[in-house]
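Derivation of every value follows stated rules applied to the coordinates shown; laboratory data play no part. These figures come from a predicted structure and were not determined experimentally. A quick note on method: Cβ atoms are made from the backbone with ideal geometry, for glycine too, and the neighbour counts reach across all protein chains shown.
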Amino acid sequence: MTFAIHGLPVARGIAIGRAVMMGGRVDVAHYFIEARQIESEIDRLRSARDAVVDEIRRLQQTIAGMGPKEAPHELTALLDVHLMLLQDQDLIDGVKHWITDRLYNAEWALTTQLEVLARQFDEMEDEYLRERKADLEQVAERVLRTMKGVASPAVPPPRRHGSMRQQDLLLDGTVDVPLILIAHDLSPADMLHFKQSVFAGFATDVGGRNSHTAIVARSMDIPAVVGSRSASQLVRQDDWVIIDGDAGVMIVDPSPIILAEYGFKQRQAELERGRLARLRHTPAVTLDGEKIELLANIELPEDAAGALAAGAVGVGLFRSEFMFMGRNGNLPDEEEQYLAYRRAVEGMQGLPVTIRTVDVGADKPLDDSRRDAAHLNPALGLRAIRWSLADPAMFLTQLRAILRAAAHGKVNMLVPMLAHLSEIRQTRALLEFARAELDHRGVAYGPVALGAMIEIPAAALTIRTFLKHFDFLSIGTNDLTQYTLAIDRADESVAHLYDPCHPAVLQLLAGTIAESRAQGKPVSVCGEMAGDVALTRLLLGLGLRSFSMHPAQILAVKQEVLRADTARLGAWARQVVAAEEPELLLVAATPAPLPRP
Ligand code: PEP
Ligand code: MG
């Protein structure tokens, strides 16, 4: 039966394929293994299961020596049930299937099969049998816990294009079917494992439009819906689903008519992409001759290739924190970081690369298992530069690595989440110290321009201080919106209130651009607003000349730039910023270009 699930649109386009369910346990690693690892993965699972069986047997022996008071009959019976479930053929065969045929890692395979069996239990008529679901979950939990203790292979690096094809995944004969990832939640680190992997689209129950998970999804350029609340409950493994990333809807078990309609939309979108691709080598210049800089946001050094292919004239934001995430606390050392930054710099072939110092915390935890549950408001806590300044040795390691990479090409350094003059002073002092350390070691390094992200209202309101101390500014509108409106950007329950076009946000944005221009300092926007074609004219009208966005958005924004006349946009943009309801002016026709002589 066809039904629709509504969520928030985060990455455009239509994807049609079969659902791959990712278990609701975010603390379980999810990644694809290589075909040659199948046996060792099954062995890992077998050893964990055998260890749990031994543990239960030992418990049974202890109980056998007790009287009926300390060890009631129910307890013995329960342990029997657990032993039986551990040896249940459906569980064993199912888990093997996910490992062998789909190349899931053992933990993912176990949680997926658990979900399949849990649904079967839910549908049972017999109440006693239905209640056995809880037992099944308990034994699976025990096995997962045991596996955590058992040495697990290092999480493989994210797969590159072409290293895994769908055929590799679907050895069971259902070849060449696009796969749609459905999960309760996906951390940015999870997303990174799947970056450039096989999925044609994805949907999650939680998340906001500008959460970091959504941002990585956009950078993967696959249709995605977040905040659907119930997708992981309502969709089943291998269901056919359509992800409509434009409307923020997913359609489950579509009828042939609906499939045909979406197939048509999908082809239209491909044609549009083809048309835009022709703009790749066209310089981004407005009708009135203003040159506009279109830069790329990247998460990994390897993304530089995609940035170049999309016609970016540099990297405006390299989110270095992705290199720090999902590593069980083993942070990258100076050499590893230096080599990664250098790869990005060399990958951009002489174009500038802006490396942002690490911005972990809030919805970007270092590790899933270490989500910041201890603090009530992690977005207001030890995040970004605050985290870096709290651990000077770690920060100096990163600063040295960036300085060394600057010997290989043009590098800018960008510091996230600054608000206080004391933070600015400490950052500058540490940068000097890092240079002195490299001098002392006799290691080569290059010059870097130092920039600040303007993403806290306090920074926007004291913009002159920032202009005095930095070579350039980059406006992080994602956080500027979050912190101005007091809306958690990752929380779908308040997503309807997350509005980058709120007059307060627009005023801070307009003021920052105007003051930077007045002082002749470069300013760009690197938040999601920069890649939103509906806002290109507004930003141009406010005087912005540098935009940094996902490579996938560059050509569409360039198309808007080519059609714009900044001479006509200034007065209109000021009206929009001053309006009580800016959206009303934004949806109304924007000023037409001036007639050219
Ligand atoms: C922003 O806040 O707008 C930004 C670009 O940084 P991030 O999304 O990584 O927090
Ligand atoms: Mg930010």
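Once both labels are modelled 7 Å past Cα along the beta-carbon direction, what's the residue 264-residue 128 spacing in nm?
The modelled label-to-label distance comes out at 5.6 nm.
Round to the nearest 10 and give me the degree value, 0 to 90, for the angle of helix 503-518's Cα axis relative to the longest principal axis of the chain.
It works out to around 50 degrees.
Given a Förster distance of 60 angstrom, what is the FRET efficiency for residue 38 paired with residue 571, based on the Cβ-Cβ distance and rounded to 0.05?
The computed FRET efficiency comes out at 0.40.
Can you give me the angle between helix 392-405 and the longest principal axis of the chain, using Cα atoms only, in degrees from 0 to 90, rounded to the nearest 10?
Computed tilt is about 60 degrees.
Once every Cα of the chain carries one equal point scatterer and solvent is ignored, give the base-10 log of I(q)/I(0) from the Debye formula at q = 0.10, 0.11, 0.12, 0.13 Å⁻¹, two decimals.
Results for the chain at q = 0.10, 0.11, 0.12, 0.13 Å⁻¹ read -0.92, -1.08, -1.24, -1.40.
With Cβ to Cβ distances under 9 Å as the rule, what net charge do the other residues near residue 551 carry (K, R +1; D, E -1)?
With Lys, Arg at +1 and Asp, Glu at -1, the neighbours total -2.
Give me the one-decimal nm value for the distance between modelled label points at residue 46 and residue 328, 7 Å along each residue's Cα-to-Cβ direction.
2.3 nm
Suppose the chain between residue 519 and residue 393 were pulled fully straight at 0.36 nm per residue; how much longer would it get relative to their current alpha carbon spacing?
Going from the current span to full extension adds 41.9 nm.
How big, in percent, is the set of alpha carbon pairs in segment 281-588 lying more than 28 Å apart?
Within segment 281-588, distances greater than 28 Å cover 38 percent of Cα pairs.
If you stretched the chain out fully between residue 458 and residue 305, how much longer would it get, using 0.36 nm times the residue separation minus the C-alpha to C-alpha distance?
Full extension of this stretch gives 51.5 nm more.
Just to verify a number: FRET efficiency for residue 57 and residue 148, C-beta to C-beta distance, R0 = 25 Å, to 0.05?
FRET efficiency, residue 57 to residue 148: 0.70.
So if we plug the beta-carbon distance of residue 282 and residue 247 into 1/(1 + (r/R0)^6) with R0 = 22 Å, what FRET efficiency do we get, rounded to 0.05?
E(calc), rounded to 0.05, equals 0.15.
Put a dot 7 Å past each Cα toward the Cβ at residue 239 and residue 426; how far apart are the dots in nm?
Distance between label points: 4.8 nm.
Gain in length, residue 380 to residue 587, computed as 0.36 nm per residue apart minus the alpha-carbon separation, to one decimal in nm?
Fully extending the segment from residue 380 to residue 587 adds 71.2 nm.
Specify the angular offset, from 0 to 90 degrees and rounded to the nearest 10, of the alpha carbon long axis of helix 421-441 from the longest principal axis of the alpha carbons in the chain.
80 degrees
Which order do the peptides 385-396, 126-137, 317-328 come out in when sorted by mean C-beta neighbours inside 10 angstrom, highest first?
Highest mean packing first, the order is 317-328, 385-396, 126-137.
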